[in-house]
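Each remark here refers to the structure printed beneath this line.
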């Protein structure tokens with residue numbers, strides 16, 4: 001076949017070449033659109049995100065830094081958005097704190113309108129600590145904030161996510177509490193349980209956090225406590241007494257086990273009325289996904305190893321073997 005004949009066939013569509021090109025073009029356009037939507041989407045990451053923009057940074061430097069910190073998925077898209085819709089020269093150097101996910105448009109608007117904090121300090125809140133303990137941590141870094149924090153956090157025990165926070169120096173106690181709650185909402189995806197309410201999940205997780213010392217022991221202790229709840233057996237968790245008496249576990253006495261309090265899980269066969277601290281993700285997951293066991297007792301040996309029992313006699317045997 002001559003070249004001229006091949007060209008004629010192509011033009012006439014004998015080889016369906018035009019349909020192939022049309023489909024290919026549509027596929028390319030769709031791919032570009034999908035990728036563009038991906039670049040504009042909010043990255044999956046942990047909040048808050050603290051970004052320190054150095055003095056003298058260019059717009060390209062700033063957008064590249066925000067991509068590295070995962071504030072946006074594409075620094076290039078943010079750069080183009082700033083050039084098209086904002087005066088990028090109004091972005092101020094300093095510490096910018098992003099407390100929640102935002103679109104490219106939201107981030108650009110925040111950048112050009114926010115007044116950055118000149119200084120920030122780190123606060124590390126361990127898993128399982130109560131609001132009162134968190135206030136003590138705050139007092140070591142910012143004494144004036146501790147009292148206000150206790151007031152602002154009232155009624156929020158269990159909902160202040162344990163983490164390290166870089167707190168702007170001019171943050172109020174209310175802003176810090178909101179930051180910790182936002183982090184809780186971002187990190188804790190579900191509190192759904194087949195027999196416990198979401199709040200009861202938090203209460204039990206706060207006990208598991210204080211009673212156990214590893215991911216494995218959390219799942220086992222969670223199993224024991226849930227087995228007890230199912231048959232109406234007291235939890236007998238020392239950690240609840242530690243909370244209400246504000247005493248270390250090692251200082252609890254026989255008399256303490258008899259105090260009249262809804263937090264006394266020796267004399268009450270139900271959960272205490274509130275969480276006894278602020279649990280982390282592992283303890284919450286342990287309540288939602290406990291080990292399946294028939295254990296009703298546990299002790300921690302002098303070496304920190306947990307030992308479990310189904311019957312009271314087995315429990316007494318473990319006590320004799322590992323605690324004496």
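Computed from the coordinates by the stated procedures, all read-outs in this text should not be read as laboratory data. As the structure is a prediction and not an experimental result, all values here were calculated from the model. Glycine gets a Cβ as well: all are built from the backbone with ideal geometry, and neighbour counts include every protein chain shown.
Side notes on the structure shown:
- Helical mean residue ellipticity (222 nm; -39500 (n - 2.57) per DSSP H run of 4+; nearest 500) of the chain: -15500 deg cm²/dmol
- For the stretch 49-113: rounded, prolate or oblate by the Cα gyration tensor [a/c cutoff 1.5]: rounded
- Rounded if a/c under 1.5, otherwise prolate or oblate - the stretch 204-324, Cα gyration tensor axes: rounded
- With 0.36 nm allotted per residue and the present C-alpha distance subtracted, the residue 68-residue 246 stretch has 59.7 nm of extension available.
- Relative contact order for the stretch 198-293, counting Cα pairs under 8 Å that sit 6 or more residues apart, in percent: 45 percent
- Label-point gap, in nm, between residue 110 and residue 156 - each point 7 angstrom along Cα→Cβ: 1.8 nm
- Residues 127, 209 arranged by fewest to most Cβ contacts within 10 Å: 127, 209
- Contact order relative to length of the chain, as percent, for alpha carbon pairs under 8 angstrom and 6 or more apart: 14 percent
- Applying 0.36 nm per residue to the separation of residue 293 and residue 93 and subtracting their alpha-carbon distance, the gain on full extension is 66.4 nm.
- With both labels modelled 7 Å from their Cα along Cα-to-Cβ, the residue 181 to residue 213 distance reads 3.6 nm.
- For the peptides 273-283, 211-221, 160-170, 296-306, the ranking by mean Cβ contacts within 10 Å, running from highest to lowest, is 273-283, 211-221, 160-170, 296-306.
- Three-way shape call for the chain based on the alpha-carbon gyration tensor, with the a/c threshold at 1.5: oblate
- Fewest neighbouring Cβ atoms within 10 Å first, the residues 96, 193 line up as 193, 96.
- When 291, 157 are arranged by Cβ crowding within 10 Å, least crowded first, meaning fewest neighbours, the order is 291, 157.
- Packing around the peptides 194-200, 89-95, taken as the average count of other Cβ atoms within 10 Å per residue, puts them in this order, highest first: 89-95, 194-200.
- Counting 0.36 nm for each residue step from residue 195 to residue 80 and taking away their Cα separation leaves a gain of 36.3 nm.
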